[in-house]
1. Identify, please: which residue in the range 14-35 is open to solvent by less than 100 Å² (accessible area, probe 1.4 Å) and part of a helix (DSSP H, G or I) and is, among those, modelled with the lowest pLDDT?
2. Scan the range 70-86 residue by residue and report those that are open to solvent by 100 Å² or more (accessible area, probe 1.4 Å) and either in contact with an Asp or Glu (Cβ under 6 Å, 6 or more places away or on another chain) or in a helix (DSSP H, G or I) (or both).
3. Kindly provide the set of residues from the range 37-54 that are open to solvent by 80 Å² or more (accessible area, probe 1.4 Å) and charged (D, E, K, R), ordered by number.
4. Would you point out which residue out of Arg11, Arg104 is among the charged types (D, E, K, R), part of a helix (DSSP H, G or I) and modelled with pLDDT under 75?
Amino acid sequence: MKTFERNTSRRTTFQEERARLFATPTSSSSKSSIANDAASLQQSLARTQKLLSQELERVSHVASAIEQDGKVLDKTMTQHQTMNVKQAKKALTALEREQQKEQRILMASVFFFWCVVAYVLWGRILTHVPLFDRTIQLLSKLVQLPLRKVIETTNQFRQTEL
């Protein structure tokens, strides 16, 4: 609503100024009022020229932006037209291979991490627990390793720590 009122008041002001500028001078007008009118007309023309130059600059920027966007669209369209099914299939196959490779590396890294955790627990905690000997005996029966070798290895390990 305010915009409408502003536009209406501007239009009225412009119409009044236009009527005043284009009015024919009366015989009672003095030379000073004609000079003032001429100066006012000159200022109005300068404002109009400035406004037109700003609009021209804005339009040229818009035109250059549209031209750049058109080039991007043409390039994309050309790329899509030249890409055929075989190339797309090769690209997808290569991406799947890379994904499988990265997944194998991740799984190997996780396995290595848990091996290091087990080694640290074995070396720091489990060798000092008395229940550890019984655990080794049970494991040796399960794995069918000679019990003597396992106990000897455990005793040697304990002696090296002391």
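The values are calculated or read from the model by the stated rules, or taken from the named source; none is laboratory data. Here the structure is a predicted model, which means the values were calculated and not measured. All Cβ positions, glycine included, derive from the backbone under ideal geometry; neighbour counts span all protein chains shown. Accessible surface areas use protein heavy atoms only, side chains included; no ligands, DNA or RNA. Shrake-Rupley method; radii C 1.70, N 1.55, O 1.52, S 1.80 Å.
1. Among them, the one singled out is Leu21.
2. Within the range 70-86, the subset open to solvent by 100 Å² or more (accessible area, probe 1.4 Å) is 71, 73, 75, 77, 79-81, 83, 85-86.
Scanning the range 70-86 gives Lys71, Leu73, Lys75, Met77, Gln79, His80, Gln81, Val85, Lys86.
3. Our first condition is that a residue be open to solvent by 80 Å² or more (accessible area, probe 1.4 Å); within the range 37-54, this holds for 42-43, 45, 47, 49-52, 54.
Matches in the range 37-54: Arg47, Lys50.
4. Numbers: Arg104 fails: modelled with pLDDT under 75.
Among Arg11, Arg104, only Arg11 is among the charged types (D, E, K, R), part of a helix (DSSP H, G or I) and modelled with pLDDT under 75.
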